[in-house]
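Asker: Take this structure first; my questions come after.
The values are calculated or read from the model by the stated rules, or taken from the named source; none is laboratory data. For clarity, every value in this text was computed on a predicted model and none was experimentally measured. Cβ sites come from the backbone with ideal geometry, for glycine too, and all protein chains shown count toward neighbours. These accessible areas exclude ligands, DNA and RNA; they are computed on the full protein's heavy atoms, side chains included. Shrake-Rupley method; radii C 1.70, N 1.55, O 1.52, S 1.80 Å.
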Number of protein chains: 4
Amino acid sequence: MTVELRGVIPYLVTPVDQPSGRLRERELGRLVEHLLAGGVQGLSPLGSTGEFASLPAGLRLATVRAVVAAAAGAVPVVPGVAAAGTADAIAQATAYLEAGASAIVLILQPYLPLSEAEIVDYYRGVAEAVDCPIVLYENPLLGTQLSLAALEDLAALPSVRYLKDASPNTGRLLSVSNRLGDRLGLFAASAHVPLFVLELGGKGWMAGPACVAPLLSVELLRLWESGEREAAWSLQRRLWRLNELFQRYSLAPCVKAALEELGFRVGAPLHPQRALHGAALDEIRGALAQLELL
Amino acid sequence: MTVELRGVIPYLVTPVDQPSGRLRERELGRLVEHLLAGGVQGLSPLGSTGEFASLPAGLRLATVRAVVAAAAGAVPVVPGVAAAGTADAIAQATAYLEAGASAIVLILQPYLPLSEAEIVDYYRGVAEAVDCPIVLYENPLLGTQLSLAALEDLAALPSVRYLKDASPNTGRLLSVSNRLGDRLGLFAASAHVPLFVLELGGKGWMAGPACVAPLLSVELLRLWESGEREAAWSLQRRLWRLNELFQRYSLAPCVKAALEELGFRVGAPLHPQRALHGAALDEIRGALAQLELL
Amino acid sequence: MTVELRGVIPYLVTPVDQPSGRLRERELGRLVEHLLAGGVQGLSPLGSTGEFASLPAGLRLATVRAVVAAAAGAVPVVPGVAAAGTADAIAQATAYLEAGASAIVLILQPYLPLSEAEIVDYYRGVAEAVDCPIVLYENPLLGTQLSLAALEDLAALPSVRYLKDASPNTGRLLSVSNRLGDRLGLFAASAHVPLFVLELGGKGWMAGPACVAPLLSVELLRLWESGEREAAWSLQRRLWRLNELFQRYSLAPCVKAALEELGFRVGAPLHPQRALHGAALDEIRGALAQLELL
Amino acid sequence: MTVELRGVIPYLVTPVDQPSGRLRERELGRLVEHLLAGGVQGLSPLGSTGEFASLPAGLRLATVRAVVAAAAGAVPVVPGVAAAGTADAIAQATAYLEAGASAIVLILQPYLPLSEAEIVDYYRGVAEAVDCPIVLYENPLLGTQLSLAALEDLAALPSVRYLKDASPNTGRLLSVSNRLGDRLGLFAASAHVPLFVLELGGKGWMAGPACVAPLLSVELLRLWESGEREAAWSLQRRLWRLNELFQRYSLAPCVKAALEELGFRVGAPLHPQRALHGAALDEIRGALAQLELL
């Protein structure tokens, strides 16, 4: 349990043949190699961009295996574990770790609203059952954003080491940083401006857009870390266009469309979600062109 | 595909040993026999009361099998099929029908908001792939309540025969009844007052509270159908207390607590959801006593 | 304080010249006479249909005066009192009663969320300061739907005699009726099906659609009260179309458009809200034609 | 119309005797003098902190007059104009400008949801009718956050010069800055971290907390502008505590409680909102002590 997470950790799409439901392992491998060549510091399959909610258990595990194989130990693989029940989450986490994952992003996806005590029980139950670093995922849209006191309780567990907050609320991160900055490493989600999270002492970012622009994302981090603040901001302002599109169009349709444009045969989002077309696709192409990715 | 659904179709709880995750088949069988003895006209496992979202695929299928075995053909078994992706839903439905289910309640549980066209694609995709009557489930809290025009399109499919609307909006049902009353049979969910749904021409109700009070639920229907309106309303007013508790406390905790009081060892809700205790449990007991169930 | 409210009490529009902001008193008088000729049992200016939120205090008072003058004592005038602060509400209520109003609909329009204790304080503060029957208005969209316990506390005040619940949740009304049916008279709002509210023992309905179809609304009530249940339901099903349009298009635009079609020069909704046109207007016309109002 | 807004512009509370409703002009004057002595660059009465929604029109105008008198031309007075209708907003703005205001914060407080075209019509209608710089106020909780395209249209009007976005979404500000940074000056609201807004090129902040800590707020700005980034961040981290409390407890109760602790007799929030007490008040005192304000 000694891996340290930091830097650019792209959320991966899950390329699937439809309607057969077969994972396109080779294409996923190509994407992983491309990201590694771009210098990313980790890989996160089975996030929201990875359409975890639409994947049956077998396909989820196959995805982790394929990413671990393609990464070949070069960087940590940090899959999303998402469930409504604690037992299901533990089973997923256990399987992914056996398959070679180094850490997990722990997501709670309740069907009905839960009390904060129940939410904490979920996170704690998984954290005590698995032996790996955990990135806590909280999201106000899922009803899973915690009070600072609850977060502090969880941060006392040795495996709870990072936080990914999926809100666009940067002030929330300042509050967390003030109170728990020495115990919880912060990662920017796609709704946060990465440079602001870094300014607060954050560890990096985990998000779908990094899957489309790995080189630029890594360069952004390098500029920041080397103190080239002005150049970093100039790049951040340009890169933000990807985040805007990502938020405007749904996650997987946007990233899959962009990757298809870049030559990766990742296919369409999982039915019933529709592939982008027309004006939306033109907007994606325009953004890729502005970033000189096309 | 000739089964007709009507009457009282209780939503079943799923009794599970924890943390082992083993289904308590015998206790589930006892509950089914008790409900059949009470005269219910169908059985619906894997609804929200059945905690489907917290059950892995294997446990879901085992539950359907156990209910089918216990029902022994006496009444139709109508499990919930709930997924974010169409392929997953088709796989579930196929497995449940092979296991002996007669019909399904088709639930869409999106992770991110979908367009209405995508929602319709999901329902249509499943409806065209399976050969059984479908109860469409719509819920504004899940973002899956459809326009009347979309509902009309779906009602044109031969398998789409019933609608369960999980909102508390009775006027919505009048709108549906006015436009599609001859093509879609309406079922009351737990937020609707059953007698109002029957007054609109509805087929019956599918809900968790009927699991606690099958005899009274069946009696309510009988009173209504035999034109004893005043007696029906008197009983409905008393029975509504169960729905109030069901909405106030979360579904599975409430129904599991009540069934435990009635002597069924259905156990606690699935972790992290907590069992009711203290004042909440006293309220449940009080309601059962008022209905002379204790 | 002896007036009893019952029956059909239309929510009135507020016809205003724009941009001058002058009340069209004569046209408002014509509308009132038309409604009285239709047999309505009360008149409610300054409801949501009356665009109270867009009217400065002087115009609100002028509207009450004009309605009182036109009603000439034939039926009670029950204006809406809507404020964020208690003192403002008391000032409004006092002025309207001095102007001849018989009762008020008491609305709380908070700018920021209030606790239930604060909400109760508002209602209580006004109820204790004025000497007239009060129709409590609650609306979950405004955060002002109360617990049954809080409602019970308020119903103990002699002036709190009626409840208008602006949700579409009919089960809520059954809960209120079970607990407080002998102390709080229920009125259907436009989202409720009037016949269901009457079935629960309700007093009548207060809503914008009755402003468009007073004769049919009064007839609906008569059919119900004379026990002609089948004819009542047949009419209710037809009339519901007005409620559907009212909910689909915003309130004042819909009712003002319909009244213009019927020959009342009530003008456009208050800027920036836009008058209906095109397909929306055609739908309004179609509904009026189906009800043989055109 | 040549005034330029920048720097620290506190949102003022409105001290009112209750239940008489008389403005405490002298105390408001003392507060203004204290803020001016602290070096603030503007004053904003009638914001959310100023409880505008609970103040009748006469009291709103009296408040503007009192602030203008106390400011005596030292800094611009920028009152909030908040209405549901355009005509009401124009009347308010006209009165405030005649009373000596230099600019306005333009708030739309719709009662029912409006379309974006209607929202734009409101802002445009007021902007074209008044002759002063306008701070557009947008708030997703009120349904008034605009698309970038709509914002761009409005920014083309000469009087629309500033934007106050009341969400906590800092990425939104980056999007606005990228597209309209040269035409719309950004002000941080209380949910934003001021230093982040300054980093994006913002003009300053307009918020309630600055009313409690004017000296520190002005110092924060000075440190930033003089390039003392580390000291600025150290102060920002400490000051954020005030924003946290401001968000946790409702605005006026929090700021009025803090000002009472600091010796200003601003009284309680307007009924029915309750004054803070007990643990909440202790927390306020603790925060003031940590900032060495007590």
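Asker: Report the one residue of A:L220, A:T170, A:S159 whose Cα lies farthest in the direction of the positive end of the charge dipole of segment A:145-237 (charges on C-beta: Lys and Arg +1, Asp and Glu -1; origin at the Cα centre).
Answerer: About the Cα centre, the residue reaching furthest to the positive side is A:S159.
Asker: Which translational diffusion coefficient, to the nearest whole µm²/s, is obtained for segment D:1-60 from the Stokes-Einstein equation, given a Kirkwood hydrodynamic radius over C-alpha pairs, 37 °C and 0.692 mPa s?
Answerer: Translational D for this selection: 261 µm²/s.
Asker: By the gyration tensor of its Cα atoms, with a ≥ b ≥ c the square roots of the eigenvalues, what is the shape of segment D:225-281: rounded for a/c under 1.5, prolate for a/b over b/c, or oblate?
Answerer: Prolate shape, in that a/c is at least 1.5 and a/b is the bigger ratio.
Asker: Amide H of C:L136: which non-local residues (sequence gap of 5 or more, or other chain) have their own amide H closer than 5 Å, using H built in the peptide plane?
Answerer: C:L106, C:R161, C:Y162, C:L163, C:K164
Asker: Classify segment D:1-101 as rounded, prolate or oblate from the Cα gyration tensor: take a ≥ b ≥ c as the square roots of its eigenvalues, call it rounded if a/c is under 1.5, otherwise prolate when a/b beats b/c and oblate if not.
Answerer: oblate
Asker: Distance between the C-alpha centers of segment A:32-84 and segment D:95-149? Whole Å please.
Answerer: 46 Å
Asker: For segment D:25-91, state which GluC sites (Glu not before Pro) are in a DSSP loop and have at most 14 other beta carbons lying within 10 Å of their beta carbon.
Answerer: For GluC sites (Glu not before Pro) across segment D:25-91 that sit outside H, G, I, E and B with at most 14 neighbouring Cβ atoms in 10 Å, the list is empty.
Asker: What accessible area per residue, rounded to a whole number of Å², is obtained for segment D:41-157 using a probe radius of 1.4 Å?
Answerer: Spelled out: the 1.4 Å probe surface of segment D:41-157, per residue, equals 30 Å².
Asker: Can you check what the net charge comes to around A:G29, using other residues whose Cβ is under 14 Å from the Cβ of A:G29 (Lys, Arg +1; Asp, Glu -1)?
Answerer: In short, +2.
Asker: So how many Å³ per residue does the convex hull of the Cα atoms of the protein assembly as shown work out to?
Answerer: Residue-normalised Cα hull volume stands at 163 Å³.
Asker: Still on this model: How large is the Rg to Rh ratio of segment D:94-149 when both quantities use alpha carbon positions and Rh follows Kirkwood? Don't skip to the answer; put the middle values down first.
Answerer: Details: Rg = 12.1 Å, Rh = 12.2 Å.
My calculation of the ratio gives 0.99.
Asker: Label points 7 Å out from Cα along the Cβ direction at B:H277 and B:D153: separation in nm?
Answerer: A separation of 5.0 nm, rounded to one decimal place.
Asker: Taking the label point 7 Å from Cα in the Cβ direction, how far apart in nm is D:A69 from each other copy of itself, listed shortest first?
Answerer: The answer, with the shortest distance listed first, is 3.7, 8.2, 8.6 nm.
Asker: Could you go through segment C:159-172 in sequence order and give the Karplus-derived ³J(HN,Hα) for each residue, using 6.51 cos²θ - 1.76 cosθ + 1.60 with θ = phi - 60°, rounded to whole Hz, and x for Gly and Pro?
Answerer: Each residue of segment C:159-172 in turn: 7, 7, 10, 9, 9, 10, 9, 8, 8, x, 8, 5, x, 4 Hz.
Asker: Here's another thing I want to ask about it. So if I average 1/r over every pair of distinct C-alpha atoms in segment C:195-264 and take the inverse, what Kirkwood radius in Å does that give?
Answerer: Values: mean 1/r = 0.0786 Å⁻¹.
Taking every pair of different Cα atoms in segment C:195-264, averaging 1/r and inverting gives 12.7 Å.
Asker: Note down, for chain A, the three equivalent ellipsoid semi-axes (square root of 5 times each alpha carbon gyration tensor eigenvalue), biggest first, whole angstrom.
Answerer: 27, 23, 18
Asker: What residue among B:P253, B:P214, B:P158 has the largest mean-square fluctuation in a Gaussian network model of chain B, using Cα springs under 10 Å?
Answerer: Its mean-square fluctuation being the largest, the pick is B:P158.
Asker: Right, another one. Given a Förster distance of 45 Å, report the FRET efficiency between D:E98 and C:A117 from their Cβ-Cβ distance, rounded to the nearest 0.05.
Answerer: The formula returns an efficiency of 0.65 here.
Asker: Taking a 30 Å limit on the Cα-Cα distance, which of the listed pairs A:K164/D:K256; B:K164/C:K164; C:K203/C:K256; B:K164/B:K256 fall beyond it? Don't jump to the answer; show the numbers that get you there.
Answerer: Working: A:K164/D:K256 35 Å; B:K164/C:K164 27 Å; C:K203/C:K256 26 Å; B:K164/B:K256 23 Å.
With Cα atoms farther than 30 Å apart: A:K164/D:K256.
Asker: So how exposed is D:F264, as accessible area in Å² (1.4 Å probe, rounded to 10)?
Answerer: 10 Å²
Asker: Still on this structure, I have one more. Go through B:L270, B:W233, B:F246 and say which Cα lies farthest out towards the positive end of the charge dipole of segment B:208-294; charges sit on Cβ, +1 for Lys and Arg, -1 for Asp and Glu.
Answerer: Most positive-ward Cα: B:L270.
Asker: Moving to a separate point now. Might you report the magnitude of the Cβ-based charge dipole of segment C:136-294 about its Cα centre, with Lys and Arg at +1 and Asp and Glu at -1, to the nearest 20 debye?
Answerer: 200 debye
Asker: Give a quick list of trypsin sites (Lys or Arg not before Pro) in segment D:1-93 that DSSP marks as loop, anything other than H, G, I, E or B, with at most 13 other Cβ atoms within 10 Å.
Answerer: When the trypsin sites (Lys or Arg not before Pro) of segment D:1-93 are filtered for loop state and at most 13 Cβ neighbours within 10 Å, D:R22 remain.
Asker: Sticking with this one: Note down the net charge around D:V130, summing +1 for each Lys or Arg and -1 for each Asp or Glu among other residues with Cβ under 12 Å from its Cβ.
Answerer: Here the charged neighbours net out to -2.
Asker: What is the residue of chain A with the smallest Cβ distance to the axis taking A onto D, and what is that distance in whole Å?
Answerer: A:T170, 2
Asker: Can you tell me which of A:A156, A:A127, A:A82 moves the most in a GNM of chain A? Springs connect C-alpha atoms under 10 Å apart.
Answerer: Of A:A156, A:A127, A:A82, the Gaussian network model singles out A:A156 as fluctuating most.
Asker: Using the Cα atoms as the points, what is the convex hull volume per residue of segment D:107-217 in Å³?
Answerer: Numbers: hull volume 11.9 nm³, N = 111.
It comes to 108 Å³ per residue, whole-number rounded.
Asker: Could you give each residue of segment B:19-36 its phi-based ³J(HN,Hα) in whole Hz, using Karplus coefficients 6.51, -1.76, 1.60 with θ = phi - 60°, and x for Gly or Pro?
Answerer: Values, residue by residue: x, 5, x, 7, 5, 8, 4, 5, 5, 4, x, 4, 5, 4, 4, 4, 5, 5 Hz.
Asker: Evaluate the charge dipole of the protein assembly as shown about its Cα centre and quote only its size in Debye, nearest 20, assuming +1 on the Cβ of each Lys and Arg and -1 on the Cβ of each Asp and Glu.
Answerer: On the way: 96 positive and 116 negative charges, 0 e Å.
About 0 debye.
Asker: Provide the per-residue ³J(HN,Hα) series for segment D:243-248, in order, calculated from phi with Karplus coefficients 6.51, -1.76, 1.60 and θ = phi - 60°, each as a whole number of Hz, with x at glycine and proline positions.
Answerer: Karplus values, whole Hz, x for Gly and Pro: 5, 4, 5, 4, 7, 6.
Asker: So which residue, out of A:A84, A:A189, A:A93, gets the largest mean-square fluctuation from a GNM of chain A using Cα contacts under 10 Å as springs?
Answerer: Evaluated over chain A, the most mobile residue of the options is A:A84.
Asker: From the helices alone, meaning DSSP H stretches of at least four residues, give me the mean residue ellipticity at 222 nm for chain D, per-run term -39500 (n - 2.57), in deg cm²/dmol to the nearest 500.
Answerer: That comes out to -14500 deg cm²/dmol.
Asker: Hey, another quick one. Give me, ordered by chain and number, the residues 5 or more places off D:A83 or on other chains with an amide H under 5 Å from its own placed amide H.
Answerer: Residues meeting the amide H criterion: D:I107, D:Q109.
Asker: A further question follows. Taking a quarter of the surface of the convex hull around the Cα atoms of segment B:138-294, what do you get in nm²? List each step's numbers first, then the result.
Answerer: Details: hull surface 41.5 nm².
Orientation-averaged projected area of the Cα hull: 10.4 nm².
Asker: In segment C:250-287, which residues become less accessible by 50 Å² or more once every protein chain is in place, relative to the chain on its own, using a 1.4 Å probe?
Answerer: So the qualifying set is C:H271, C:P272, C:R274.
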